[in-house]
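> I have a structure I would like to understand better, so I am pasting it below and will then ask my questions one at a time.
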Amino acid sequence: MNRKNFLSSVITAGLSLPVLPGMAAAGKKLIDEPQDPIIPPYLKAGDTIGITCPAGYIMLADIQPAIQQMESWGLKVRVGDTVGKRDFSFGGGDDDRTRDLQQMLDDPGIKAIMCARGGYGAVRLVDKLNFSRFATHPKWVIGFSDITVLHSHLSRNYGIASIHSKMCNSFPDDWNKAEPVQVETILSIKKALFGETMQYTAMPSAFNRSGKATGRLAGGNLKTIESLSGSASDIRTENKILFVEDTGEYLYSIDRMFWNLQRSGKLSGLSGLIVGGFKIKPDDPGEEFGRTVQDIVLEKIKGYSYPVCFDFPVGHQRNNFALKCGIRHQLSVGSDGVQLTEVRH
Amino acid sequence: MIKIPPYLQPGDTIGIVCPAGYMARERAQTCIDTLQSWGYQVKTGSTLGSDSTNYFSGTDDERLRDLQQIIDDDSVKAILCARGGYGVSRIIDRIDFRSFKKAPKWIIGFSDITVLHSHIYSRYKTASLHAPMAGAFNDGGATNEYVLSLKQALEGRKARYTCDTHEFNNRGEAVGDLVGGNLSLIAHLIGSDSDIKTRGRILFLEDVGEYRYNIDRMFHQLKRSGKLEKLAGLIIGGFSDMKDTERPFGESTEEIIYDLVKEYDYPICFNFPVSHAKENYALKVGVGYKLKVGKLKVVLEE
């Protein structure tokens, strides 16, 4: 560990101390996540991928493009029984969704699990899941948005890598008419699943902070990350490259969430920061916030020197590439652009 | 032991500032007049009716300086935040509480001001007032029992509030320090230096304008961070103007909360008059209360 990293982890530990007595008093034990990530076996042709709905509901017809596409990759697809189920906004009741995901976690015949869509609901079942078999036989869990709960939980408690990417509801209906960015982003899921070394580029931005960083990727949806603060799924960020994205939030709310990250010590020990897409809910008339997302972010991290990039292709948008959470990457931010490259273990 | 700031005497001065959102001075005039009619002098800070043109009542530095001055001003015995909105989180770590620690004074407000209540309770073990702000005095509000409960609190009279029962209430009696405020802010503070401990305490929560799924998510966060399991009691206030998604959540806000707390043995009451609506009694954060959730009524007594 170099001096910079050592110092930042000391600082982070100090900052997070006030949390610990409360946690201990509540009888909750925060587990320190393992130093080395556990990488589930990559997929090969003939393997089976499961599709389940741990959060919002989806109709069977709406996942047909995803099924066809993944079958064209040589995969067999197992459709869970929560697909087509509906309990108001959820893909079935909590028990239905827990059971479906649990079966897929435990079934040795299933090598990866794609969440059909996000929405809201993963936090309602994460504590009901039994990860003991999964922890000894890990497999890829795939999704984003509300699925950030699972990424953060798996990393925090088991050190198991997972894939932050588009889900079944983002596969184009007609592959032949799909735009290049749709094709490329969907194929990035295939690359990630089949074990290719991932590489990404992003355009330069005047707000970027140049530099090079190496660290494990962690992150996801900002609102979801904030809502995990203090819980057993709380994200660990020290020495990591953190990526965040969000949609439909007011600027003031984004500001408040970045203060939560800052004030809970989650920004001080980073090795790098990746800001993805932020779809803003416009300010109400007379309530103009007067700051951009770039202002909001740069203000919170002005005391730290790690590289930062904006407009990275991750988020609730078409250019949303598959990222391997928990795996080491090198981030290089320069005046000519941004590169993120997976570091093979 | 919790520090209780001195109650006010006739002739004492109340300072009014806007540490978060903007408020025009005329919107606070009835409040100023009323506080004077209660026998207090009023000193207003530069952030009330400022020339700010955006969301905030001033830049972070301006809001910080105004709040700091009024905290440090010996002649000011209580600080009424004219309104909430959003903004205290942006300055809380830069406020110097040294003079406040030596000579605590009542800090009054709710909503975004929950950050101040939680911070000074958690860091300085000092009581504060979760109570109506300037806007509540307008449109005839100055004489309602909720605004008057602020007057009584400032005078040091012990409060005793009652409200109707609710089908989801869990009957029983609890004694403990009262903590809480706006749910979104309590959740937002988790993991920070202003985070509150809830064990053995009576927790009260209210919110406004949130999506139902988000209420569900925040209660899951409280529960998963251990904030609900060892309470002495739980007071669910008003959840006003709740929003729902295009695909409905399928439960009322009360049902959402009830589902998540029904496993606990401690007394719980719903629809207590603490809220963003008119029904908003002054509550002393950090002070010991007795909560009695009975068959016929609910009593909260200092």
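The values are calculated or read from the model by the stated rules, or taken from the named source; none is laboratory data. Keep in mind that what you see is a predicted model, and the values were worked out from it rather than measured. Every residue, glycine as well, gets a Cβ built from its backbone with ideal geometry; the counts of neighbours run over all protein chains shown.
> Given the residues A:LEU267, A:LEU273, which is the only one that is assigned by TED's automatic domain parsing to the domain that holds A:GLN317, of a type in the set (A, V, I, L, M, F, W, C), free of Cβ contacts under 8 Å to residues at least 40 places away in the same chain and surrounded by 24 or more Cβ atoms within 10 Å (Cβ to Cβ)? So that I can check it myself, show each step before the final result.
Details: A:LEU267 fails: surrounded by 24 or more Cβ atoms within 10 Å (Cβ to Cβ).
Exactly one residue qualifies, and that residue is A:LEU273.
> Based on what the data block shows, is B:ASP207 of a type in the set (D, E, K, R) and surrounded by 24 or more Cβ atoms within 10 Å (Cβ to Cβ)? Show your work before the answer.
Details: of a type in the set (D, E, K, R): yes; surrounded by 24 or more Cβ atoms within 10 Å (Cβ to Cβ): yes.
It is true that B:ASP207 is of a type in the set (D, E, K, R) and surrounded by 24 or more Cβ atoms within 10 Å (Cβ to Cβ).
> Among the residues of the range B:247-274, write down those that are surrounded by fewer than 20 Cβ atoms within 10 Å (Cβ to Cβ), assigned to a loop (DSSP other than H, G, I, E, B), touching a residue at least 60 places away in the same chain (Cβ under 8 Å) and in contact with a Phe, Trp or Tyr (Cβ under 9 Å, 6 or more places away or on another chain).
The answer is B:LYS262, and nothing else.
> Filter the range A:228-255 down to the residues that are part of a loop (DSSP other than H, G, I, E, B) and either away from chain B (no Cβ under 11 Å) or within 20 Å of A:PHE312 (Cβ to Cβ) (or both) and list them by number. Even if it seems obvious, please write down each step before you answer.
So the first thing to find is which residues in the range A:228-255 are part of a loop (DSSP other than H, G, I, E, B), and the list is A:228-240.
Within the range A:228-255, A:ILE235, A:ARG236, A:THR237, A:GLU238, A:ASN239, A:LYS240 qualify.
> Test each condition in (1) under 14 Å from A:GLY326 (Cα atoms); (2) more than 14 Å from chain B (Cβ to nearest Cβ); (3) buried (at least 23 other Cβ atoms within 10 Å of the Cβ) for A:GLY159 and report the one that comes out false.
(3)
> Let me ask something else. Of all the strands (runs of 3 or more DSSP E) wholly in the range B:87-172, which have at least 1 residues that are surrounded by 22 or more Cβ atoms within 10 Å (Cβ to Cβ) and in contact (Cβ under 8 Å) with a residue 60 or more places away in the chain? Before the answer, list the steps.
On the way: elements: B:106-109, B:128-130, B:160-163.
In the range B:87-172, B:106-109, B:128-130 are the strands (runs of 3 or more DSSP E) which contain 1 or more residues that are surrounded by 22 or more Cβ atoms within 10 Å (Cβ to Cβ) and in contact (Cβ under 8 Å) with a residue 60 or more places away in the chain.
> Would it be correct to say that B:ALA78 is touching a residue at least 60 places away in the same chain (Cβ under 8 Å), in a helix (DSSP H, G or I) and away from chain A (no Cβ under 14 Å)? Explain how you work it out, then say what you get.
Details: touching a residue at least 60 places away in the same chain (Cβ under 8 Å): yes; in a helix (DSSP H, G or I): no; away from chain A (no Cβ under 14 Å): yes.
Spelling it out, it is not the case that B:ALA78 is touching a residue at least 60 places away in the same chain (Cβ under 8 Å), in a helix (DSSP H, G or I) and away from chain A (no Cβ under 14 Å).
> Hey, could you check the range A:51-107 for residues that are buried (at least 17 other Cβ atoms within 10 Å of the Cβ) and among the polar types (S, T, N, Q) and say which is nearest to the other protein chains (Cβ to nearest Cβ)?
Among those that are buried (at least 17 other Cβ atoms within 10 Å of the Cβ) and among the polar types (S, T, N, Q), it is A:SER89.
> So which residues in the range A:205-221 are outside any strand (DSSP E or B) and among the small types (Gly, Ala, Ser), if there are any at all? Talk me through it step by step, then tell me what you get.
Filtering the range A:205-221 for residues outside any strand (DSSP E or B) gives A:205-208, A:210.
Result: A:SER205, A:ALA206, A:SER210.
> Give the range A:77-90 a look and list any residue that's in a loop (DSSP other than H, G, I, E, B) and either more than 19 Å from A:CYS168 (Cβ to Cβ) or not acidic (Asp, Glu) (or both), or say none. Give the derivation first.
Going residue by residue through the range A:77-90, those that are in a loop (DSSP other than H, G, I, E, B) are A:80-86, A:88-89.
Result: A:GLY80, A:THR82, A:VAL83, A:GLY84, A:LYS85, A:ARG86, A:PHE88, A:SER89.
> Name the residues in the range B:48-57 that are within 22 Å of the chain's Cα centre (by Cα), more than 10 Å from chain A (Cβ to nearest Cβ) and of a type outside the set (A, V, I, L, M), would you? Before you say what the answer is, go through the steps one by one.
Step one: of the range B:48-57, the residues within 22 Å of the chain's Cα centre (by Cα) are B:48, B:55-57.
Those still in the list that are more than 10 Å from chain A (Cβ to nearest Cβ) too: B:48, B:57.
Hit for the range B:48-57 is B:SER57, nothing else.
> Check B:LYS230 against each of (1) within 11 Å of another protein chain (Cβ to nearest Cβ); (2) touching an Asp or Glu at 6+ places or on another chain (Cβ under 7 Å); (3) surrounded by fewer than 23 Cβ atoms within 10 Å (Cβ to Cβ) and name the one condition it does not meet.
Failing condition for B:LYS230: (2).
For every residue, the table says whether it meets (1) surrounded by fewer than 19 Cβ atoms within 10 Å (Cβ to Cβ); (2) of a type in the set (S, T, N, Q); (3) in a helix (DSSP H, G or I); (4) within 21 Å of the chain's Cα centre (by Cα).
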site: A:ASP283; (1), (2), (3), (4): yes, no, no, no
site: A:GLY286; (1), (2), (3), (4): yes, no, no, no
site: A:ARG291; (1), (2), (3), (4): yes, no, no, no
site: A:GLN294; (1), (2), (3), (4): yes, yes, yes, yes
site: A:GLY303; (1), (2), (3), (4): yes, no, no, no
site: A:VAL314; (1), (2), (3), (4): no, no, no, yes
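> Does B:SER89 satisfy the criteria of being modelled with pLDDT of 95 or more and over 22 Å from the mean Cα position of the chain (by Cα)?
Values: modelled with pLDDT of 95 or more: yes; over 22 Å from the mean Cα position of the chain (by Cα): no.
The answer is no for B:SER89.
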